[in-house]
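Here the structure is laid out as structure tokens; the discussion comes afterwards.
The values are calculated or read from the model by the stated rules, or taken from the named source; none is laboratory data. Keep in mind that this is a model prediction, so the values were computed, not measured. Because the Cβ atoms are built from the backbone with ideal geometry, glycine has one as well, and the counts that use them run over all protein chains shown.
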Amino acid sequence: MSNVRNYTEQGGERTVIGGTLEIVAGGTLNIAEGANFEGVVIPTVVDALNSTSAASALSAKQGKVLNDAIAAKTAANQADSTATDAAGLATDFNALLAKLKAVGLMAAE
């Protein structure tokens, strides 16, 4: 009686790993493009920021575009308020709102 958990079937068409497959430091795992995996979802890589597919992944190129777009959304500095009354504070606050709207961080009405 055998209790071998890892084996290659006759002809080498199928290898069964019944335990853990561990690739140690310096080792490699090469998976050919187009390889099929049962039970594993491999998302399609898309090159479009406007994709609504839940089964797709954003390409690194578009990830950089998105990151750059977010970084560009920096509002101009708003100095600390030195207002001593409500009217002055309202003026400072409205200036801040205007700067946020100008860079698209807040919807303008």
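For (1) of a type outside the set (D, E); (2) more than 30 Å from V103 (Cα to Cα); (3) out of contact with any Ser or Thr (no Cβ under 6 Å at 6 or more places or on another chain); (4) modelled with pLDDT of 85 or more, each residue gets a yes or a no:
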{"residue": "N6", "(1), (2), (3), (4)": "yes, yes, yes, yes"}
{"residue": "V16", "(1), (2), (3), (4)": "yes, yes, yes, yes"}
{"residue": "G19", "(1), (2), (3), (4)": "yes, yes, yes, yes"}
{"residue": "G34", "(1), (2), (3), (4)": "yes, yes, yes, no"}
{"residue": "E38", "(1), (2), (3), (4)": "no, yes, yes, no"}
{"residue": "N50", "(1), (2), (3), (4)": "yes, no, yes, no"}
{"residue": "G63", "(1), (2), (3), (4)": "yes, no, yes, yes"}
{"residue": "A71", "(1), (2), (3), (4)": "yes, no, yes, no"}
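Being assigned to a helix (DSSP H, G or I) and more than 24 Å from the chain's Cα centre (by Cα): is that true of G88 here? Spelling it out, G88 is indeed assigned to a helix (DSSP H, G or I) and more than 24 Å from the chain's Cα centre (by Cα). Across the stretch 56-73, not a single residue is classified as part of a loop (DSSP other than H, G, I, E, B) and either exposed (fewer than 10 other Cβ atoms within 10 Å of the Cβ) or touching a Cys at 6+ places or on another chain (Cβ under 8 Å) (or both).
Of everything in the stretch 1-54, what is of a type in the set (S, T, N, Q) and surrounded by fewer than 10 Cβ atoms within 10 Å (Cβ to Cβ)? Give them in sequence order. Once the filter is applied, which keeps residues that are of a type in the set (S, T, N, Q) and surrounded by fewer than 10 Cβ atoms within 10 Å (Cβ to Cβ), the stretch 1-54 yields S2, N3, Q10, T20, T28, N30, N36, T44, N50, T52.
Against the definition (over 27 Å from the mean Cα position of the chain (by Cα) and among the aliphatic types (A, V, I, L, M)), how does V16 come out, yes or no?
Spelling it out, V16 is indeed over 27 Å from the mean Cα position of the chain (by Cα) and among the aliphatic types (A, V, I, L, M).
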